[in-house]
Each structure stands twice: as structure tokens, then as C-alpha cells.
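**Student:** My structure is below; once you've seen it, I'll send some questions.
Since every read-out is calculated from the coordinates, none of them should be taken as a lab result. Note that the coordinates shown come from a computational prediction; the quantities given were computed from them, not determined experimentally. When we count neighbours, we look across all protein chains shown, and the Cβ atoms used for this are built from the backbone with ideal geometry, even at glycine.
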Amino acid sequence: MIAALARIGRLALAALAALGRIALFTVQTFSHLVRPPFYPREFGQAVMSVGWQSLPVVALTAVFTGGALALQIYSGGARFSAEAVVPQIVAIGMVRELGPVLVGLMVAARVTSSIAAEIATMKVTEQIDALVTLSTDPMKYLTLPRVLAAGLTVPVLVAVGDIIGIFGGYMVGVYRLGFTPVTYLQNTVDFLEPLDIISSLVKGGAFGLLAALAGCYFGMRSSRGAQGVGRATKGAVVAASVLILAANFVLTEVFFSA
Amino acid sequence: MIRLCDVHKSFGGNHVLRGVDLGVERGQSMVIIGGSGTGKSVVLKCILGLIRPDAGRIEVDGRDVTQGDRDDFLAKFGMLFQGAALFDSLPVWQNVAFRLLRGRGKRPRAEAREIAVEKLRRVGLGPEVADLLPAELSGGMQKRVGLARAIAADPAIIFFDEPTTGLDPIMAGVINELIREIVAEMGATTVTITHDMTSVRAIADRVAMLHRGKIRWTGPVEEMDAARDPYVDQFISGRAEGPIETLR
């Protein structure tokens with residue numbers, strides 16, 4: 001009994017210590033926002049890598065999800081004669097929930113893994129140590145540009161995902177389910193409120209920050225060897241995904257609890 | 001110029017450094033020898049502040065390395081890492097000119113490239129290498145680029161971490177010769193860690209042997225063979241039998 005309690009206690013302490021380390025890492029990262037030197041070239045490259053190069057996967061995910069959502073709502077709604085709400089539910093579902101969450105998870109899969117693997121490899125091949133000996137702070141040079149780029153570009157990706165997802169629903173609604181184009185678009189526009197869009201973009205920003213921070217944190221803490229890189233990458237993706245889903249719940253509560 | 005007094009460092013229960021005392025004079029080439037895992041790299045990393053010692057004092061030019069401006073301190077150093085540690089995403093010339101493209105010593109891009117090409121030439125690489133990525137180079141070429149990066153900002157102190165590991169004997173000889181020549185030209189103070197005895201004889205003014213976390217022996221390289229220390233004797237002759245425990 002005591003052994004089991006001790007084990008639970010150890011796990012709780014380890015979890016709290018990890019939370020503390022992550023919080024400290026986050027504070028350290030953002031403290032570099034106001035302390036030069038700055039690295040605009042690295043920031044630009046991170047914007048391209050996180051934002052621009054994620055567009056295809058975000059677009060594909062969104063268009064198929066929007067289409068599937070329209071089919072589900074139509075067949076589900078048919079049970080109580082509510083087939084006509086397809087445009088409204090697709091719009092609200094994509095903008096409030098599926099757009100931000102799916103884009104966040106796609107960014108976690110594509111960007112977090114890539115950041116964690118890249119930084120972990122730099123760590124095990126002493127490139128991080130080399131940066132320090134060259135008077136360059138790795139937090140400033142590697143972490144801040146990536147975190148900042150993700151925080152700023154993921155909301156844009158979410159906006160694009162929302163639009164393409166609604167477009168996917170529109171295509172299915174109009175060409176498969178027989179909605180008229182004007183009615184479909186009119187219902188979509190009428191039903192969405194500014195708060196829906198704001199919540200979507202705020203979620204995108206938060207998910208982007210979490211995804212990049214997880215990648216950088218696990219990469220920087222990687223242990224030696226190929227196994228260390230693998231463990232860092234896996235840990236980063238799992239942590240980012242869980243954090244994104246947890247943050248989604250909290251933000252949904254904040255925006256729509258009333 | 002560099003002084004370590006009673007430096008201790010442990011990783012968990014592994015006591016790597018157990019009171020290291022070592023001095024390196026200005027312009028001197030010190031080589032630290034010792035078996036794998038004896039903490040040679042840890043000594044260099046402690047001096048640079050990459051690892052914080054648990055106890056002891058490290059001074060460079062009479063100043064405690066934990067005091068003062070960190071950028072000014074690091075500007076004195078160049079380092080050649082064991083695996084060269086070149087930045088994969090940058091072309092060779094940007095690796096060499098890394099310090100010249102950023103921070104306080106920032107130069108215009110064209111000038112930085114010119115300096116990089118000149119440093120590459122100094123280590124025997126032509127300008128055609130400048131725009132290649134590190135992954136496109138052989139191990140020996142990567143070491144040369146690492147050497148060019150270490151000397152790019154004309155540092156007063158240069159560290160070499162296993163400069164010839166993984167190279168064939170001819171390339172190892174070339175790197176040793178380059179190090180000797182460049183150090184003589186620049187008048188830099190150097191600390192090299194290696195277990196390659198050919199390198200030791202080619203590079204060193206003085207040798208220090210690290211064993212069980214302490215400096216076991218130190219003296220001029222000419223006296224190394226005559227040192228009546230069974231540990232040094234076993235190490236330089238490469239015998240399996242002797243006081244240094246070996247795993248079989």
C-alpha cells in the first residue's frame with residue numbers, strides 16, 4: 001500500500017517537475033523577444049517551413065473533413081428531418097472545432113516532429129555546443145524564431161483550413177446532396193458570428209505556440225544517440241497533441257461556456 | 001592564461017572530474033591525453049561554460065570564467081569539435097563565417113564571405129567548396145572546414161576535441177600539420193584532447209594525462225617518454241597490461 005502511494009507520489013513529483021521545466025523554458029524563450037540580437041533570417045525561414053510548407057497538408061485535411069462532415073450531418077440529420085442544417089453545422093463545426101484542432105494536430109505531426117528531430121540531432125552532434133562557442137544563444141537562434149513563426153502562421157493556416165473545409169462541405173452539399181449554391185453560401189455566412197472566427201484564430205495561435213514549444217523543448221533535452229533523437233521526436237509529438245487537445249477544451253470553455 | 005583549480009564534476013553518481021588542477025600558459029600548445037570516458041571533453045566544456053562544474057575555480061587571463069560578459073569571453077575562443085559539428089542547413093562558407101555574420105563582430109556579407117574563402121584556402125580547400133553543404137563533404141574535408149571555422153575570427157585560444165578521430169593516417173597527418181602551422185602563425189594558445197599519440201607528438205608543447213578524474217602527470221612532450229609514471233607509460237605504449245584497467 002505504502003509502496004503504491006510512494007510510486008504515485010514519485011510520478012506526481014516528476015510530472016510537476018516537468019511542468020516547471022516547461023514553464024521555465026517558455027519564459028526563457030519569450031524573454032528573448034525583447035533582448036537583441038534578433039535573427040530575422042531564421043524567423044523568415046521558420047515562417048516558410050511552418051506556414052507555407054504546411055499549406056498542402058492542411059488544405060487536403062480540411063477539404064476531406066468538410067466533405068465528410070457534410071455527409072455525416074445530412075445522414076444524421078435525416079433521422080429527425082433536419083437535413084437542411086448541413087451548411088450551418090459544417091460552418092460552425094469547421095470554424096469552432098475541426099479547423100483549429102485538425103490544423104493543430106497536423107502541425108504537431110509535421111512541424112513539431114521536424115523541429116524536435118532537427119534540434120535533437122543538432123544536440124547529439126554538438127551543433128548546439130558549437131552555437132554557444134560561436135557566441136550565439138541557441139534559445140535565441142533556434143527556439144524563438146520557430147515558436148514565433150508557429151504562433152503567427154498557424155492562425156493563418158487555421159483560417160485557410162476553415163475556408164477550405166467549408167468549401168469541401170459546399171462541394172458535397174451542392175453536387176452530392178442537392179443544395180443550391182446560393183442557399184448553401186447564404187446559410188453559411190448568416191450563421192457564423194465574429195466570435196466563432198475570433199475563437200478559431202486564437203486557438204490557432206495557441207496551438208501553434210504549443211506545437212513549436214514542445215518540439216524545441218524535447219529537442220533541446222534530447223539524450224545522446226539515434227535513440228535519443230527518436231525519443232525526443234516521439235515525446236514532442238505526443239506532448240504537443242495532448243496539449244493541443246487540452247488547450248482546445250480550455251479555450252472552448254473560455255469562449256463558449258455561457 | 002588558463003588555470004583550473006580543484007575542478008569537480010559529477011553526472012548523477014558518476015564522478016567524472018575529481019579535482020582537476022591544470023595550467024596552460026599563453027601561446028602554449030597543451031594536449032590532454034587519457035582513456036575514453038575519463039572526462040577530457042568535460043574539461044574543455046567546463047572551461048567554455050557549456051557545463052557548470054560542481055566545485056573548483058576556472059580562470060582565463062586571471063578572470064573567473066563565470067564572471068564578466070559572456071560574449072566577450074567566448075569571443076576569445078575557437079573550437080574544433082570531434083565530429084566537426086558543422087551546421088547542416090548552412091553552406092560551408094556560412095559555417096566558416098558564422099560568427100562574422102551575426103552578433104557584435106558582424107561584417108558585411110561580402111566581406112564575411114571573402115574571409116571565409118581565405119580561411120578555407122588556409123586549410124587547403126578551394127573556393128569551389130564554399131557553396132557546398134557540409135553533407136556533401138568527406139570526413140576529412142569537414143574537419144578542415146571545422147578548423148577554418150575555429151580560426152575564422154582569429155581567436156586567442158583554440159580548443160581541438162579529438163581532431164584526427166575517424167580520419168585515415170594521411171589525412172590525420174595533414175590535420176596535425178595544419179594545426180601546428182596555423183597555431184604558430186596566429187600565436188594562439190591551444191588545448192587539444194586526443195588519444196592519438198601521433199597527434200600528441202605533432203601538436204604538443206606540453207602534455208597532461210587525465211586519469212580517474214585527476215591530472216595524473218603533466219610535463220613537456222619531450223619528457224613524456226621518459227616519465228616514470230606507469231599510467232603514462234602504459235597509455236603511450238598502448239599496452240593492455242598495466243595499472244589502467246581495461247575491459248576484455
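**Student:** Residues of the stretch B:90-104 being more than 8 Å from every other protein chain (Cβ to nearest Cβ) and small (G, A, S), which ones?
**Tutor:** Residue satisfying the conditions is B:A97 alone.
Residues are listed down the side, and each one gets a yes or a no for (1) under 25 Å from A:V202 (Cα atoms); (2) hydrophobic (A, V, I, L, M, F, W, C):
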position	(1), (2)
A:Y217	yes, no
A:S223	no, no
A:G228	no, no
A:K234	no, no
A:V238	yes, yes
A:I244	yes, yes
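**Student:** What's the number of the condition B:D64 fails, among (1) away from every other protein chain (no Cβ under 14 Å); (2) surrounded by 15 or more Cβ atoms within 10 Å (Cβ to Cβ); (3) without any contact (Cβ under 8 Å) to a residue 24 or more places away in the chain?
**Tutor:** Result: B:D64 fails condition (2) only.
**Student:** Could you pull out every one of the helices (runs of 4 or more DSSP H) wholly within the stretch A:115-224 that has 1 or more residues that are more than 14 Å from chain B (Cβ to nearest Cβ) and within 30 Å of B:F87 (Cβ to Cβ)?
**Tutor:** Correct list: A:144-175, A:194-220.
**Student:** To continue, here is another question. Can you tell me which residues in the stretch B:1-58 are in a strand (DSSP E or B) and of a type in the set (S, T, Y)?
**Tutor:** B:S10, B:S29
**Student:** Going through A:V111, A:V86 one at a time, which residue ends up being among the aliphatic types (A, V, I, L, M), in contact with a helix residue (DSSP H, G or I) (Cβ under 9 Å, 6 or more places away or on another chain), under 21 Å from A:I22 (Cβ atoms) and crowded, with 23+ Cβ neighbours inside 10 Å?
**Tutor:** Of the residues listed, the single one that is among the aliphatic types (A, V, I, L, M), in contact with a helix residue (DSSP H, G or I) (Cβ under 9 Å, 6 or more places away or on another chain), under 21 Å from A:I22 (Cβ atoms) and crowded, with 23+ Cβ neighbours inside 10 Å is A:V111.
**Student:** Are there any pairs with C-beta distances below 9 angstrom linking a residue in the stretch A:126-154 that is farther than 27 Å from A:A206 by Cα to a residue that is acidic (D, E) and surrounded by 22 or more Cβ atoms within 10 Å (Cβ to Cβ), with the two at least 6 apart or on different chains, and if so which?
**Tutor:** Going by the 9 Å Cβ cut-off, the qualifying pairs are A:E126/B:D161.
**Student:** Do we have A:L19 as under 21 Å from the mean Cα position of the chain (by Cα) and surrounded by 13 or more Cβ atoms within 10 Å (Cβ to Cβ) here?
**Tutor:** No; evaluated as a whole, the condition is false for this residue.
**Student:** Identify all residues within the stretch B:127-145 that are part of a helix (DSSP H, G or I), in contact (Cβ under 8 Å) with a residue 12 or more places away in the chain and either more than 13 Å from B:V117 (Cβ to Cβ) or of a type in the set (G, A, S) (or both); write none if there are none.
**Tutor:** Result: B:P134, B:A135, B:G139, B:G140, B:M141, B:Q142, B:K143, B:R144.
**Student:** Residues B:G78, B:G83: which one is within 13 Å of another protein chain (Cβ to nearest Cβ), assigned to a loop (DSSP other than H, G, I, E, B) and within 18 Å of the chain's Cα centre (by Cα)?
**Tutor:** After ruling out the rest, the residue left standing is B:G83.
**Student:** Mind telling me which of the residues B:V207, B:V183, B:V191, B:V174 ends up being buried (at least 21 other Cβ atoms within 10 Å of the Cβ), at negative phi and in a helix (DSSP H, G or I)?
**Tutor:** Of the residues listed, the single one that is buried (at least 21 other Cβ atoms within 10 Å of the Cβ), at negative phi and in a helix (DSSP H, G or I) is B:V183.
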